[in-house]
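Notes for the one structure printed next.
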Amino acid sequence: MLSEEDRVTVSEFFWIRGIPEEDNETTLELLHDHWDTNDYQILNDNRPNDPFINVENEEDSFQVAIEYNKYGDLALTVRSPCLWPDGTPEIF
């Protein structure tokens with residue numbers, strides 16, 4: 001049977017615009033709380049030293065990360081190992 005590693009992974013990176021820089025910490029905290037209460041596993045939470053949080057949905061391995069750089073720019077990265085090489089997983 002094929003494992004998660006056998007799937008094709010799709011990733012995308014987004015800049016988040018329109019949130020004032022002074023609200024970055026609040027934004028990270030709100031997203032952390034949302035993910036934590038919606039069955040995402042917190043993989044990394046490097047705050048306060050590094051403004052980076054990475055989570056994974058245990059059901060489908062969908063991952064999402066939020067961070068901001070030294071200029072205060074917020075970025076969101078999503079990763080989904082959702083594509084099987086032949087379109088569907090092997091079933092026994």
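The values are calculated or read from the model by the stated rules, or taken from the named source; none is laboratory data. Predicted model, so just to flag it, every value in this text is computed and none were measured. Counting neighbours? That spans all protein chains shown, and the Cβs are built from the backbone with ideal geometry, glycine included.
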Checked pairs for segment 53-72, first more than 14 Å from Ser11 (Cβ to Cβ) and at pLDDT 90 or above, second among the charged types (D, E, K, R) and assigned to a loop (DSSP other than H, G, I, E, B), C-beta under 9 Å and 6 or more apart or across chains, list as Ile53/Arg47; Asn57/Asp39; Glu67/Asp50
Kindly indicate the residue of segment 47-75 that is touching a helix residue (DSSP H, G or I) at 6+ places or on another chain (Cβ under 8 Å) and under 15 Å from Asp36 (Cβ atoms) and also surrounded by the fewest Cβ atoms within 10 Å (Cβ to Cβ) among those meeting that condition. Arg47
Applying the selection to segment 23-45, what residues are of a type in the set (A, V, I, L, M, F, W, C) and either out of contact with any His (no Cβ under 9 Å at 6 or more places or on another chain) or in contact (Cβ under 8 Å) with a residue 24 or more places away in the chain (or both)? Leu28, Leu30, Leu31, Trp35, Leu43
Quick one: Leu30 ticks every box in (1) closer than 17 Å to Arg79 by Cβ; (2) among the aliphatic types (A, V, I, L, M); (3) outside any strand (DSSP E or B) except a single one, so which number is it? (1)
Taking interchain pairs and intrachain pairs at least six residues apart, which have beta carbon atoms under 6 angstrom, with the first residue in segment 5-22 and within 19 Å of Val78 (Cβ to Cβ) and in contact (Cβ under 8 Å) with a residue 40 or more places away in the chain and the second among the hydroxyl-bearing types (Ser, Thr, Tyr) and surrounded by 10 or more Cβ atoms within 10 Å (Cβ to Cβ)? Val10/Ser80; Phe13/Thr77; Ile19/Thr27
